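The values are calculated or read from the model by the stated rules, or taken from the named source; none is laboratory data. Just so you know, these numbers come straight off a predicted model, no measurement behind them. As a convention, Cβ positions derive from the backbone with ideal geometry for all residues, glycine included, and neighbour counts pool all protein chains shown.
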Amino acid sequence: MLFYEKKDNLESFWLRIHDEYPVVAEAVIIQLLPLLSTFMCEFGFSTVAFIRKRNCLNFMNVRQHKEISLKLLPQAMKLLLLTFLYFVDAVSSECGENATETLALVYKPVQQGSKRVLGIACQGTIVPGKHQNHTDTVLVSSYCIMEDPPEGYVVSVGSSDPHGDLQSSAQQFRAQRILNFPFEQHPVGILKTPQPIMYSDTVQPMCIASVPLPDEHACIMGVVTKGGLMTLRHVQMLYESDCEPLAEGLSSYLCAKVKEIDAEVAETLGMDPELDIYPFSAPLDFDINGVKAGSLETPLFCLTNEHPTWSVYGFALNAFDVTHPDSPILFSDVPSDLTAIKEHSDISYQEWVQRMLSKQG
């Protein structure tokens, strides 16, 4: 079954729960009133508006209690189940509803003198797995996770400013690289977290683009400053030919330019022409004097007529001159990797570990 078909089925399922829950709850509560009245009569609370004192003895008939209880049991059990599903749904989310809440800041261990510290590696995005209320999958640029350090990576979610005013809402998860395509083919990678990333008001999943970007669209790209502040900027998509000189070796790619250049965009994509494209690392104390900026491989999100919520379409890889408003920016192409991405996003971290162990055996 295709992903969007699963999504439609789930959506109708949750809608049925929301429609049915109040009806069942009302029926159960109405039938509970006699028992509630008896309880209140026995304890002298018969002054409540809907309980009259002369009716108290009528409700204390044991046989009546038994009949009510037997009649109530199936609906009570149904109410219990619906209550559970209702509150599970309260912390679940459809993908792509809010782009900001899907952003993730990815750190990698770097050597600083005699010690290992975490440095900013890139910006990724949380994508759905097979669960409705949590995920363990973060989609990133392949270049972000070229290394496979024993310590793994660290993913920060839940805050657009994890080192500033919104630091308290940031959640950090250890993550392991499980998929990294050869860069020359499709520069997309996947990180898995052993602990589930629960959805909330500040943590939401991003849809994964399943088809090439159509002509009618609206797109934004992620932005990260050296201090770790994450935000989004509007971009205008260009013809592939505009990025052809940057795309040597890539089988498919996208091209765009930022509509409004500002200091935050320049910090994100500022390139040193003498350096290869590589993510810069900034120690967590952010004493970054002398650190040269590099591409942070930030995600590209788009809306289309066919899919009116945000989907991730690629990751920024290179630019001619990001300080110039008309400079093209090269992006990887996520839809071309959809099969492999779905295969790895739909398994849990533990399932992936078992696969690796069985291959070694």
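Laid out as a table, the results:
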read-out: Residue within the stretch 321-328 that is modelled with pLDDT of 80 or more and surrounded by 18 or more Cβ atoms within 10 Å (Cβ to Cβ) present; value: yes
read-out: Every residue from the stretch 94-114 that is out of contact with any Gly (no Cβ under 6 Å at 6 or more places or on another chain) and at pLDDT below 80; value: GLN111, GLN112, GLY113
read-out: Condition broken by TYR239, with the remaining ones in (1) without any contact (Cβ under 8 Å) to a residue 60 or more places away in the chain; (2) surrounded by 22 or more Cβ atoms within 10 Å (Cβ to Cβ) satisfied; value: (2)
read-out: Any chance SER281 is at pLDDT 95 or above, buried (at least 17 other Cβ atoms within 10 Å of the Cβ) and assigned by TED's automatic domain parsing to the domain that holds GLN167; value: no
read-out: Single residue of the stretch 214-229 satisfying the filter (more than 14 Å from PHE315 (Cβ to Cβ) and under 23 Å from the mean Cα position of the chain (by Cα)) that is surrounded by the most Cβ atoms within 10 Å (Cβ to Cβ); value: GLY228
read-out: Some residue of the stretch 233-249 being among the polar types (S, T, N, Q) and at pLDDT below 90; value: no
read-out: Residue tally, condition assigned to a loop (DSSP other than H, G, I, E, B) and either within 14 Å of LEU300 (Cβ to Cβ) or touching a helix residue (DSSP H, G or I) at 6+ places or on another chain (Cβ under 8 Å) (or both), over the stretch 328-361; value: 4
read-out: Hits in the stretch 250-278 - residues which are in contact with a Phe, Trp or Tyr (Cβ under 8 Å, 6 or more places away or on another chain) and at pLDDT 70 or above; value: TYR253, LEU254, CYS255, ALA256
read-out: Of all residues in the stretch 173-199 being surrounded by fewer than 17 Cβ atoms within 10 Å (Cβ to Cβ) and modelled with pLDDT of 90 or more, the one that is farthest from THR100 (Cα to Cα); value: PRO194
